[in-house]
2 protein chains.
Amino acid sequence: MSGFDVGNRLKQLRLSRELSQRELAKRAGVTNSTISLIEQNSVSPSVSSLKKILDAMPVSISEFFAGESESQEQVFYPSSELTEIGDGTLSWKLVGARRPNRSMSIIHEHYPPGADTGEEMLEHEGEEGGVVIAGAIELQVADEVRQLQAGDAYYFDSRLPHRFRNTGDSECVIVSANTPPSFSDGGDEQHHV
Amino acid sequence: MSGFDVGNRLKQLRLSRELSQRELAKRAGVTNSTISLIEQNSVSPSVSSLKKILDAMPVSISEFFAGESESQEQVFYPSSELTEIGDGTLSWKLVGARRPNRSMSIIHEHYPPGADTGEEMLEHEGEEGGVVIAGAIELQVADEVRQLQAGDAYYFDSRLPHRFRNTGDSECVIVSANTPPSFSDGGDEQHHV
DNA sequence: TCATGCTGTCAAAGATGTTCAACAAGGGCC
DNA sequence: GGCCCTTGTTGAACATCTTTGACAGCATGA
């Protein structure tokens, strides 16, 4: 039901750090029994306990739950197999779109002169970052606006309102990554960026 | 102590979906009281309860714990402010290195002819993907080897053994992303890729 | 062989999380 | 006003998680 094996995941992380249950327990401020029971999946730990334990390794909770699913996935993507999402002007090529199990989406973005993600600022869950490869782009995040050239980069919390705009007169190329993936679900085509 | 406000995070997600405590509880198979108490941080829910609740929205647990920390972070990175990690031959420019709170690291990689991540295959936690910008690279993942050209891309589970090698005679440029970040901690300089 | 120190497991007692059922506050409507 | 429906909160009972303290297994070394 849970779909995620908390016990084995914890054990694997603990062993990879060569810690005993008692040693980890001591660092985490819990008892060895707690760790034993959790590793056997005899109990479902409280978030606070789990956090204490992970902090002692240290492993972030989100890291702990990353890899929430497993399967044979495509690894290599010839440019012809990238999934293109365009709205007439700008073009986004997704590396392995519609794969909900991934923790990131990677996008090869092409903004022709004048391209703009829109006056209404984008806001959504997650984080995103990227590197400008060619041309230049005007990026606004919250109330800060900057002009980024080839070689420059950015990284921000996607909950901050943001907007991309090519105000120059040559195409701008960016490679970006988002987590969690914005375009992974086959359903709606919301223009998260 | 916890450093992460489970209650408010849950409330925020619930409200953004315009669900009442009772409605969410019903879908999740728990009671409204549970949700009320969690949102007030009166209790630290068990992982199983939290998972039931998140599944009902739906939100993955890793998504839930993604912005695990908040603070004013640098957004814009002029190329001069990228952190370069090199070993003489290959060069990796990190976008905002040493920021443990991030869920991804983004790297502008330059492989001169002959550059190689080494005969001993790389293996580590997480996922990684990228796009080849210029030149060509030989990428091996598990027992599959491919030659990727400019415009091609890749994505794989970093636990699979992997190796990058520039077998051509021109520099290869890649923009890649990793999650969780491989180079975020100020401590050791392990060559995760 | 016996002692020592480590490992992981487990039963019972104690602490914490969850449910049930009741309650007050607010809005809409007659 | 009165009624009805919704909302979120809370006390007491119940279920679950955590600790305490013990145990067996397996090394190392006297």
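The values are calculated or read from the model by the stated rules, or taken from the named source; none is laboratory data. Since we're looking at a predicted model, the values are computed, not measured. Counting neighbours? That spans all protein chains shown, and the Cβs are built from the backbone with ideal geometry, glycine included. With ligands, DNA and RNA removed, areas are computed over all heavy atoms of the protein, side chains included. Shrake-Rupley method; radii C 1.70, N 1.55, O 1.52, S 1.80 Å.
Can you tell me how many residues in the stretch A:102-117 are in a loop (DSSP other than H, G, I, E, B) and more than 10 Å from chain B (Cβ to nearest Cβ)?
The qualifying residues number 5.
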>> Out of everything in the stretch B:2-29 that is open to solvent by 70 Å² or more (accessible area, probe 1.4 Å) and part of a helix (DSSP H, G or I), what residue ends up being nearest to residue A:60 (Cα to Cα)?
In response: B:8
> Which members of the stretch A:30-44 meet the condition of being surrounded by 13 or more Cβ atoms within 10 Å (Cβ to Cβ), touching a residue at least 12 places away in the same chain (Cβ under 8 Å) and either of a type in the set (Val, Ile, Thr) or more than 7 Å from DNA strand D (Cβ to nearest atom) (or both)?
Replying inline: A:30, A:34, A:35, A:36, A:38, A:39, A:41
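Can you pull out the residues in the stretch B:140-154 that are out of contact with any Phe, Trp or Tyr (no Cβ under 7 Å at 6 or more places or on another chain), modelled with pLDDT of 80 or more and either in a strand (DSSP E or B) or not assigned by TED's automatic domain parsing to the domain that holds residue B:125 (or both)? Reasoning before the result, please.
Within the stretch B:140-154, the first condition is being out of contact with any Phe, Trp or Tyr (no Cβ under 7 Å at 6 or more places or on another chain), and the residues that meet it are B:140, B:142-145, B:147, B:149-151.
Going one step further and asking which of them are modelled with pLDDT of 80 or more, we end up with B:140, B:142, B:145, B:147, B:149-151.
B:140, B:145, B:147, B:149 - these are the residues of the stretch B:140-154 that are out of contact with any Phe, Trp or Tyr (no Cβ under 7 Å at 6 or more places or on another chain), modelled with pLDDT of 80 or more and either in a strand (DSSP E or B) or not assigned by TED's automatic domain parsing to the domain that holds residue B:125 (or both).
In the stretch B:118-135, what residues are open to solvent by 30 Å² or more (accessible area, probe 1.4 Å) and outside any strand (DSSP E or B)?
Of the residues in the stretch B:118-135, the ones open to solvent by 30 Å² or more (accessible area, probe 1.4 Å) are B:119-121, B:123, B:125, B:133-134.
Residues satisfying the conditions are B:119, B:120, B:121, B:123, B:125.
In this structure, does residue A:51 turn out to be closer than 16 Å to residue B:48 by Cβ, more than 9 Å from DNA strand C (Cβ to nearest atom) and not polar (S, T, N, Q)? Break it down stepwise before answering.
On the way: closer than 16 Å to residue B:48 by Cβ: yes; more than 9 Å from DNA strand C (Cβ to nearest atom): yes; not polar (S, T, N, Q): yes.
Yes; evaluated as a whole, the condition is true for this residue.
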> Does any residue of the stretch A:21-42 turn out to be of a type in the set (Ser, Thr, Tyr) and closer than 19 Å to residue B:51 by Cα?
Replying inline: yes
